[in-house]
1. Tally Lys/Arg at +1 and Asp/Glu at -1 over every other residue whose Cβ is under 14 Å from the Cβ of LEU122; what's the total?
2. What 222 nm value per residue comes from the helices of the chain, counting each DSSP H run with n ≥ 4 as -39,500 (n - 2.57) and dividing by all residues, nearest 500 deg cm²/dmol?
3. Scan around CYS539 for amide H atoms under 5 Å from its own, H built in the peptide plane at 1.01 Å from N, and keep only partners 5 or more places away or cross-chain.
4. Counting other Cβ atoms within 10 Å, which GluC sites (Glu not before Pro) in the range 614-668 have at most 15 and lie in a DSSP loop?
5. For the range 248-289, what is the convex hull volume of the alpha-carbon atoms per residue, in Å³?
6. Work out how much length ALA250 to PHE604 would gain on full extension: take 0.36 nm times their residue separation and subtract the Cα-Cα distance, in nm to one decimal.
7. Would you kindly give the portion of the calculated P(r) for the range 425-583 that falls above 29 Å, as a percent of all Cα pairs?
8. Please compute the net charge surrounding SER513, taking Lys and Arg as +1 and Asp and Glu as -1 over other residues with Cβ under 15 Å from its Cβ.
Amino acid sequence: MTERRVLPYGEWPSPLTADSAAAGSGSTSWPSGVGEETWWCANDPATATVRLLRTGSGHAPEPVLPAGVSVRNRSLGYGGRPYAVRPGQDGAPHLLVFTDHRDQRLYATGTAPLGTGGAGDLTPLTPADPAEYETCWADPVFAPGGTEVWLVREVTRAAREPGEDPAPRTRRDIVAVPLDGSAVTAPDRLRVVGGDHHFLSTPRISPDGRHLAWLGWNHPQMPWETTELMVAPLADGVAGEPVRVLGGGAVSVPQAAWAPDGTLYAMADPDGWANLFRITPEPDGDWLAECVLPMERECAGALWRVGGSWFAATAAGVVLRHGVGEQRFALWDPADGTLRDLAPEWTEFGSDLWADDHAAVVPAASPTLGHAVLRVPLDGSTPVRCNGERDTTYDAWRAVPERRVAKAADGGEVQYVYYPPTSPDCAGPAGEAPPLLIHIHGGPTNSNGAAPDAEFSLFCSRGFAVAAVDYGGSTGYGRAYRDRLRHTWGVTDVEDSVTVASELASAGLADPSRTAIRGGSAGGWTTLAALTSTDTFCCGAVYYPISDPETWIYGQTHDFESRYMEYLVGKLPEDQERFDRVSPIRKAGQITSPLVMLQGADDFICRPDQAERIVDAVARRGLWHRYLLFEGEGHGFRQASSVSASLRAEAELYGHAMRIDVDLSDTSGAAAGTQG
């Protein structure tokens, strides 16, 4: 074995480049199955579109729709399930309905058999928007009778003056759309089926067509605080008087689904953990909700997208994921209550699981196996990776993550995922610790997965360590851990990040003088809050942040999160002192470390002024900084060129602040392929 060269941390040669990391930055979502075929959406960084792909036995993945079509929508700002497929009978084409991001309209098309061509003509099903309005459609389900598709419609009128509150000008309904396209020229053919909350998700029709279930919640709550599972009788395609069967108060219900036998299942957290409930009708007309799988493990996450799914009710049982941090994928048998593992080698599973009576399909990952669209047979046979074999050429340079727990000063636990410096060729100098990047996830009601990460490996392969912090407020650890952030945003998240950095430094795994912090959206907020309130971090990489909590409310952001600040910080004017204490923009004069600011010009969630006010403040004081504004980018970068440029800006920052030469080109003598 060749002896490894001793080189300064942060300057190791690596075949992984900014461009290869950007090329591998696309994610997968919304899988489903059509017989033996597996379908899913895939972000394409080269075109900044979302492609709908499918595969099957003996077939490589192939696009379903023509180039340029982007299968996504802007419901809730973060999108919702964008398509549904009805299998063709007796060799007839499958019927696909989908939303196209270019105009947000709903379309239908027939699809030829796998391997014989893609879709036919694309037929619009919904009319174009009138001036001043934008309509988004999400989470389609085929209705009884076969002539309609039902889904959540979100209609927003444009603001007529700066800062106009989006809530009064946004309406959501569950709407029936004719599949013959007649509503395009006759909008009155669109029929409101039901919906009795400001926010709606997951309309689901019972197998016998007699009931409709859906989830709803209202301002100022977020769906992980409280949601209500509603059930209404159906008559002539319209929902009758709905009743709440689960949720409300301090209970969140992120998903519900009917089993083929007509049993209604849901996830809910009345005991602090999202567990499986069975809801059955009683003779007096009420509904009885019973937890059938109680455990101190999370079986669902936060409902950020319309139609998110963490379980599927099938004739074989209920397929679900569960865990505390690390997850398992299992089949629960309602007959005997047993829980059987289905994919034991995999430890991370997405929030868009799909299953029929024979197989489940889910985005999955593990520290060593990478990411996959995984088709999991329910009979216990081996899961199949559907999106192609993973390129293992540069595995020796890819950091393998490890879940860890740090101890805070008050004795509490802070969860995080550690990525070590990784190279087959290099080692750091004896007695020296590596530079550390503290990564802060967005949300903030979200979490990190313990899976390979192209951006982290880009830096780890050069001698950096990375710690992705699941600070108090993160999902996956129960409601009590999540509620640690209530009214403490800008405090708990910063303290937990400092705790992780300090513990790694004490263990000799990080150089405290070369510890940086990075994050986007809510992670950008925490990065700025840390730079204004602690001297732990030598610099910060800030992506599309929230910097001013007083203006990131009502008309300064989108409807979904326009009251989120009431949970995170408080309510104005009564909590003004708390806002002042945590606001990065009010404390921008206390920033003494260099930073880079990366922002999308079209971001309507965290608008450019949130970034530019910080940039102006540090520029006036002559502090080293870089500001990159990317045209055509929104909240989260989709273009490979934007991702690559941002990573190079980070490298420049770390080089300046840590006094090292961070070169993100291929300095190993071998050209890197796409990272995965």
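1. Computed value for this residue: -1.
2. The helix-only estimate for the chain comes to -4000 deg cm²/dmol at 222 nm.
3. Placed amide hydrogens put ILE517 under 5 Å from CYS539.
4. Here the sparse-neighbourhood loop sites are GLU631.
5. Output value, Cα hull per residue: 72 Å³.
6. The span from ALA250 to PHE604 would gain 124.5 nm if fully extended.
7. Result: 20 percent of Cα pairs exceed 29 Å.
8. -1
The values are calculated or read from the model by the stated rules, or taken from the named source; none is laboratory data. Every value quoted in this text rests on a predicted model; they were computed, and no experiment measured them. Heads up, the Cβs are rebuilt from the backbone with ideal geometry, glycines too, and the neighbour counts pull from every protein chain shown. Quick note on the areas: whole protein, heavy atoms, side chains included, nothing else; ligands and nucleic acids left out. Shrake-Rupley method; radii C 1.70, N 1.55, O 1.52, S 1.80 Å.
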